[in-house]
Amino acid sequence: MGESLELVKTEDMVEEGQVIKIRLSDPEARVIEVRLSNSEMKLLKEHYASQQKSIECLVKRKKSQRARYSYGIIFLLTNLIAWAVRDYGQIVFSDLHSCGIEGRSCYQKMGVLRVSLGCFIFFFIMFLATFKTSKLYDGGNLRHSEWWALKFIIWVISLVISLFVPSGFIQLYGEVARVGAGVFLVLQLISVIEFITWWNSYWTPEEGQKQSCFLGLFMSTLFYIASMCGIGVMYSLYAPNASFSLNIFFITWTAILLLVMMAMSLYSKQVNRGLLSSGIMASYIVFLCWSAIRSEPASKKCGAQTHGNGHSDWTSILGFLIAICSIVMATFSTGIDSKTFQFRKNEPQVEDDIPYKYGFFHLVFALGAMYFAMLFISWNLYSPTTKWSMDVGWASTWVKIVNEWFAATIYLWKLISPLVKQTRVANHEEKSGQQSDTLESQ
């Protein structure tokens with residue numbers, strides 16, 4: 001009575017029955033034999049087989065999760081190589097004949113585009129190798145999570161091959177990279193908005209406690225105060241007088257968008273569920289506006305700070321390194337957010353399903369290669385760049401401003417769309433009711 005059993009052996013099969021040995025966890029550690037029928041032994045084997053499969057799935061899942069960070073490190077190294085090639089590539093490539101006169105085709109902006117092309121080739125190869133993978137036991141999971149020595153060789157070969165690509169093709173790739181970087185920005189924007197929506201639903205649940213709703217309202221108030229303060233600071237720093245007309249337009253339009261989002265959230269019947277997400281989104285578009293103004297080139301008319309003086313201090317170096325880390329984090333977070341872009345978001349996940357879509361993950365990193373290229377060359381294929389600078393120029397400014405307006409438009413549509421659907425349903429029901437009344441009267 002009360003003695004626990006521990007399985008020792010599942011061998012010694014016989015034709016009509018099967019014998020297993022059981023060790024009793026008592027002081028004598030006695031071993032007894034238990035004879036099971038064929039059906040009972042079959043059930044026992046299925047039980048242990050399922051346990052073994054669960055363990056194997058867990059191991060494969062952990063390898064898959066760790067693989068994400070390895071790809072992130074590869075992407076970070078590629079960013080650092082692109083920076084080194086842009087700012088100091090002349091020292092290395094000046095004597096390389098395949099890089100044209102004095103190696104000019106392999107450093108500065110052309111060098112960045114070459115490194116970006118190599119990175120794109122690597123992640124596109126990984127995309128082709130894994131995009132059909134759906135189960136942890138598929139071959140694509142092995143190609144995604146293991147064989148790191150081979151993948152390192154492919155990465156190096158991709159970067160080296162890009163050095164020998166003709167300059168005309170590199171220019172063409174630069175034009176295509178603008179489009180790819182734009183697609184990446186849209187994916188990133190959708191991912192950010194979905195994260196804000198999740199954050200709002202997490203802190204202000206529909207049937208949550210009053211304390212949770214209070215926390216959501218408190219945080220939304222803080223975000224709105226921070227946004228208003230950001231608007232005021234931008235006016236004082238970047239639009240001190242009427243001569244800064246473009247900056248005044250950017251900041252004023254951002255303030256208008258902020259007020260419109262607040263009004264739409266208050267108009268909604270679910271006030272507690274709308275204010276927090278609007279507050280977070282308001283802070284985000286204020287940040288985009290600030291980043292756009294910071295990207296303006298130095299000029300007597302609109303430059304609030306000086307860029308491109310050719311000198312670097314600790315603040316510019318620190319800001320540059322933070323910008324690189326931000327690129328990597330944005331690419332990484334968008335790549336693992338594949339559920340946001342699935343048509344069947346509520347589809348239940350089976351034990352042996354992959355934890356995230358490998359093909360989408362590598363495709364986002366391939367687009368991220370185009371995106372970091374555009375940031376390093378400030379979205380301009382022809383004007384020169386300066387050391388320790390990133391995303392500075394009028395092209396960068398307008399890209400960020402358009403991104404801000406697009407973000408606000410998508411979010412406002414998310415607020416308006418339920419009301420539009422309700423109106424359409426109400427109109428349809430009203431028409432149906434009128435038609436039924438007409439038929440009854442006849």
In Hz, Karplus ³J(HN,Hα) per residue of region 244-254 (6.51, -1.76, 1.60; θ = phi - 60°; x = Gly, Pro): 8, 5, 5, 5, 4, 4, 4, 5, 5, 5, 4
Mean Cβ neighbour count within 10 Å, used as a protection proxy, ranking 112-125, 72-85 highest first: 112-125, 72-85
Per-residue HN-Hα couplings for region 166-175 [Karplus 6.51, -1.76, 1.60; θ = phi - 60°; Hz; x = Gly/Pro]: x, 4, x, 5, 5, 4, 5, 4, x, 5
Cβ crowding within 10 Å averaged over residues, with 134-140, 287-293 ranked highest first: 287-293, 134-140
Residues Ser70 and Asp353, FRET efficiency given R0 of 22 Å [Cβ-Cβ distance, rounded to 0.05]: 0.55
Long-range amide H partners of Lys135 with built H, under 5 Å: Ile354
Cut-off 15 Å (backbone N to label point 7 Å along Cα→Cβ of Ile225), residues of region 174-199: none
Projected label distance in nm at Gln171 and Trp405, using a 7 Å step from Cα toward the beta-carbon: 3.0 nm
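Every number here is computed from the coordinates shown, using simple stated rules; none is lab data. Worth saying up front: this structure is predicted, and the values here are computed from it rather than measured. Neighbour counts run over all protein chains shown; Cβ positions are idealised from the backbone, glycine included.
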